[in-house]
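*Asks:* Quick one: the structure is below, and I'll ask about it shortly.
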Amino acid sequence: MAGVSVNPVSGPSSPYLRFRKATISARRGPELDHVYGTGGGIGSVLEQFRYAGAGDADVSLRGASVEGTRAGTMQRRRDHIVFWIGDGTATITSAHGGTVVVPPGRPLFLSAGTVYDFTAATSRVTMLHLSDAILRTTVGAQDTAAVQDLLFEELARDEHALHRLRAVLEGSTAALTSADTSADARAAVNDRVVAAVLAAFPRREADPVAPTPVGRAIAFMHEHAHRELSVQEVAEAAGLSVRGLQDAFARQLQTSPMTHLRALRLDGVHEDLASGSVDSVADVARAWQFHHPGRFASSYAARFGEKPSATLRWARTPRP
């Protein structure tokens, strides 16, 4: 079937978005792999998969109905995610070594900048997506040093704060998921939800482990992806020679530095087009340093299974 539908409704603030996908295939499609950082694949055989949600680019509530046991790795993502399962179990192991077995109904916070291995045997998953931008803005009002990855406790320790979060979500779901919510009302709801999340899942300091050269290179790519970059610049940021950087990427990621940068930029183009709020494919491509339309279109189609114009057209198509 077609990829995830993303339906924006223009307004003075972040546009309303609706997400929907249904398939009987074991392959969920590149759109969700991009959202959840699972491009390396998920070990599973799915007889049925449904995914739906709504909100805006900062806060959205999404749910998935699935069958079968799934296992894989979630790489770094753009969104932070609070999730809880409706039945069964899920086991999450973070990059810093902590393992959590998640029972039904117990929310878990997945920080956007952290890699997680997971195994899930559940048929219902609910996910609250929070943009890094809105959390960074909120945390920045209290902490001007929030310049690195924002990391949060995975488990809520304060039962009162967790109870408050559940109550806020219960009272906010209708406004979060309705296309009729005004821009001002949506902003107010988003603020309430974010405040409740941060009260339940406090920010934690980064682990005192020096970043690897590849990690430094990837962070540099993320920060400078919108401008021209040479492999020499990336190597210098990583503290390696060009040959050393290429060898490190080949050994750890089975790719080259510039191929990784191109994929990162393609993901950025895809996310911008899927918002439906951009003027044209050409403008977005140039903003992400794609200056050869033919090669860009071919690379985009190879990664996402459709032309960039199709992504934008789909995003702009009104749906009930």
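The values are calculated or read from the model by the stated rules, or taken from the named source; none is laboratory data. Keep in mind the model is a prediction, meaning the values are calculated, not measured. All Cβ positions, even for glycine, are placed from backbone atoms using ideal geometry, and neighbour counts span all protein chains on display. For accessibility, only protein heavy atoms count, side chains too; no ligands or nucleic acids. Shrake-Rupley method; radii C 1.70, N 1.55, O 1.52, S 1.80 Å.
*Asks:* At least 1 residues that are aromatic (Phe, Trp, Tyr) in each: list the helices (runs of 4 or more DSSP H) lying fully within the range 239-320 that qualify.
*Replies:* Counting at least 1 such residues, we get 242-253, 293-304, 308-316.
*Asks:* Looking at Arg157, Arg186, Arg164, Arg106, which one is closer than 25 Å to Asp56 by Cβ, free of Cβ contacts under 8 Å to residues at least 60 places away in the same chain and among the basic types (Lys, Arg)? Explain how you work it out, then say what you get.
*Replies:* Values: Arg157 fails: closer than 25 Å to Asp56 by Cβ; Arg186 fails: free of Cβ contacts under 8 Å to residues at least 60 places away in the same chain; Arg106 fails: closer than 25 Å to Asp56 by Cβ.
None of the other options fit; the residue is Arg164.
*Asks:* Another question, if that's okay. Say whether the condition of being in contact with a Pro (Cβ under 8 Å, 6 or more places away or on another chain), open to solvent by less than 60 Å² (accessible area, probe 1.4 Å) and not hydrophobic (A, V, I, L, M, F, W, C) is met by at least one residue in the range 286-307.
*Replies:* Yes; the residues of the range 286-307 include at least one that is in contact with a Pro (Cβ under 8 Å, 6 or more places away or on another chain), open to solvent by less than 60 Å² (accessible area, probe 1.4 Å) and not hydrophobic (A, V, I, L, M, F, W, C).
*Asks:* Right, here's the next one. Among the residues of the range 299-320, what is the count of those that are aliphatic (A, V, I, L, M) and in contact (Cβ under 8 Å) with a residue 40 or more places away in the chain?
*Replies:* 1
*Asks:* Take the range 71-99 and flag every residue that is under 16 Å from Ser123 (Cβ atoms) and buried (at least 19 other Cβ atoms within 10 Å of the Cβ).
*Replies:* Phe83, Trp84, Ile85, Ala90 - these are the residues of the range 71-99 that are under 16 Å from Ser123 (Cβ atoms) and buried (at least 19 other Cβ atoms within 10 Å of the Cβ).
*Asks:* Name the residue, out of Ala175, Ala167, Ala179, that is among the small types (Gly, Ala, Ser) and in a loop (DSSP other than H, G, I, E, B).
*Replies:* Result: Ala179 is the single residue among Ala175, Ala167, Ala179 that is among the small types (Gly, Ala, Ser) and in a loop (DSSP other than H, G, I, E, B).
*Asks:* Which condition from (1) polar (S, T, N, Q); (2) open to solvent by less than 30 Å² (accessible area, probe 1.4 Å); (3) under 20 Å from Thr173 (Cα atoms) is the one that Ser65 breaks?
*Replies:* Of the numbered conditions (1) polar (S, T, N, Q); (2) open to solvent by less than 30 Å² (accessible area, probe 1.4 Å); (3) under 20 Å from Thr173 (Cα atoms), the odd one out for Ser65 is (2).
*Asks:* Continuing with this model, one more query. For Arg166, which of the numbered conditions (1) within 17 Å of Ser131 (Cα to Cα); (2) open to solvent by 80 Å² or more (accessible area, probe 1.4 Å) fails to hold?
*Replies:* (1)
*Asks:* Now for a separate question. Answer yes or no as to whether Leu273 is under 23 Å from Arg76 (Cα atoms) and of a type outside the set (Gly, Ala, Ser).
*Replies:* yes
*Asks:* Does Thr173 meet the test of being modelled with pLDDT under 90 and either surrounded by 15 or more Cβ atoms within 10 Å (Cβ to Cβ) or over 15 Å from the mean Cα position of the chain (by Cα) (or both)?
*Replies:* When the stated conditions are applied, Thr173 does not pass them.
*Asks:* Let me ask another. Mind checking which residues of the range 103-153 are at pLDDT 90 or above and among the aromatic types (Phe, Trp, Tyr)?
*Replies:* Phe109, Phe152, listed by residue number.
*Asks:* Checking the conditions here, which among Ala217, Ala183, Ala156 is open to solvent by less than 30 Å² (accessible area, probe 1.4 Å), at pLDDT 85 or above, among the small types (Gly, Ala, Ser) and in contact with a His (Cβ under 9 Å, 6 or more places away or on another chain)?
*Replies:* Residue meeting the stated conditions: Ala217.
*Asks:* Tell me the residue from Ala225, Ala263, Ala250 that is within 29 Å of Asp149 (Cβ to Cβ), out of contact with any Asp or Glu (no Cβ under 7 Å at 6 or more places or on another chain), open to solvent by 50 Å² or more (accessible area, probe 1.4 Å) and hydrophobic (A, V, I, L, M, F, W, C), please. So that I can check it myself, show each step before the final result.
*Replies:* Details: Ala225 fails: open to solvent by 50 Å² or more (accessible area, probe 1.4 Å); Ala263 fails: open to solvent by 50 Å² or more (accessible area, probe 1.4 Å).
Sole residue among the options that is within 29 Å of Asp149 (Cβ to Cβ), out of contact with any Asp or Glu (no Cβ under 7 Å at 6 or more places or on another chain), open to solvent by 50 Å² or more (accessible area, probe 1.4 Å) and hydrophobic (A, V, I, L, M, F, W, C): Ala250.
*Asks:* List every residue pair whose Cβ atoms lie under 6 Å apart, where the two residues are 6 or more positions apart in sequence or sit on different chains, the first residue falls within the range 253-264 and is modelled with pLDDT of 90 or more, and the second residue, located anywhere, is in a helix (DSSP H, G or I) and open to solvent by less than 50 Å² (accessible area, probe 1.4 Å).
*Replies:* Between residues of the range 253-264 that are modelled with pLDDT of 90 or more and residues that are in a helix (DSSP H, G or I) and open to solvent by less than 50 Å² (accessible area, probe 1.4 Å), the close pairs are Ser256/Phe249; Pro257/Val231; Pro257/Val234; Pro257/Leu245; Pro257/Phe249; Met258/Val231; Leu261/Met221.
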